[in-house]
Amino acid sequence: MPLVGVCEDEPALRSVLTRALRAMGHEPLVVATAAEALRAFARQRPAVMILDIGLPDADGRDLCLALRASGVDAPVLFLTARDGLHDKIAGFEAGGDDYLTKPFDLDEVRVRLDALLRRTPAPAAADPGGAVLDPARHALVLDETEVSLTPTEFRLLGRLMAEPTTVVRRHALVAAAWPHGAMVSDNTLDSYVRRIRKKLEPLDLAAISTVRGVGYRWR
């Protein structure tokens, strides 16, 4: 019985999804906030996740980045009332695998979940230093120390931490951190990385290395 993580803040929709998932033969793990999802999903590791984008304490896309950064690599189905192309692209760039707009038919949820469950993603590695991205506070937390991040800094760092030791190319970082179609120069990206590095100094983390001509890597 696959464990399906659901993060949805509307009580009525949570109830509908819970009943529907059980009828489909899944075990639902249902929470209402990003903070709850980060704790529960990182601990219980669902086989697939359904994330609402419009959560009360965070953007669902930032939650997805934080989950990826913590090593939760299960496929993600985003639920949202936003149906613009730029919204969909932003969801995919944040690490989502599929996108379903409200209102939706439960049969379509079933078909999309079945397709996602057939995927077998390679397991991601959690940050070996124990640093955790908190989407509710837009912060990086290590032990008892918290470093506040702007939304752009959060998404940049989340994209890097989602693939530890892998070089993330510049265009992928821009796509993850800025709105679709934004004109972001190399100097702007470099400036943001410098700002993040400066903020990481109190944590004694020199974790972002430069690969010249290519991009950056979280070590």
For the chain, the longest principal axis of the Cα atoms and the Cα long axis of helix 34-44 enclose an angle in degrees, to the nearest 10, of 80
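Provide the per residue accessible area, probe 1.4 Å, for the range 1-119, rounded to a whole number of square angstrom.
On the way: 4950 Å² over 119 residues.
About 42 Å² of surface per residue is accessible.
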Along the dipole axis of the chain (charges at Cβ: +1 for Lys and Arg, -1 for Asp and Glu; origin at the Cα centre), the most positive-end residue among Y99, M24, M183 is M183
If one compares the long axis through the Cα atoms of helix 151-161 with the longest principal axis of the Cα atoms of the chain, the angle in degrees, nearest 10, works out at 90
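Quick check on the chain: helices-only [θ] at 222 nm, where DSSP H runs of length 4 and up contribute -39,500 (n - 2.57) each and the sum goes over total residues. Nearest 500, please. Don't skip to the answer; put the middle values down first.
Details: 8 runs with 89 residues, N = 219.
That comes out to -12500 deg cm²/dmol.
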Along the dipole axis of the chain (charges at Cβ: +1 for Lys and Arg, -1 for Asp and Glu; origin at the Cα centre), the most positive-end residue among C64, L203, L79 is L203
Taking Cα atoms, the helix 60-69 axis meets the longest principal axis of the chain at an angle in degrees (rounded to 10) of 70
Highest mean packing first, using Cβ neighbours within 10 angstrom, the peptides 130-138, 155-163 sort as 155-163, 130-138
Heavy-atom accessible area of the chain with neighbours in place, 1.4 angstrom probe: carbon+sulfur share in percent works out to 51
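Can you tell me the FRET efficiency between T145 and I89 if r is taken as the Cβ-Cβ distance and R0 is 41 Å, rounded to the nearest 0.05? Mind showing how you got there, number by number?
Values: r = 34 Å, r/R0 = 0.83.
Computed FRET efficiency for T145 and I89 comes out at 0.75.
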Per the C-alpha gyration tensor (a ≥ b ≥ c, the square roots of its eigenvalues), the chain is rounded if a/c is under 1.5, else prolate if a/b beats b/c, else oblate; here it's prolate
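The values are calculated or read from the model by the stated rules, or taken from the named source; none is laboratory data. Here the structure is a predicted model, which is why all the values come from computation and not from measurement. So basically every Cβ, Gly included, is an ideal-geometry build from the backbone, and we count neighbours across all protein chains shown. Side chains are part of the model used for accessible areas, which takes the heavy atoms of the whole protein and leaves out ligands, DNA and RNA. Shrake-Rupley method; radii C 1.70, N 1.55, O 1.52, S 1.80 Å.
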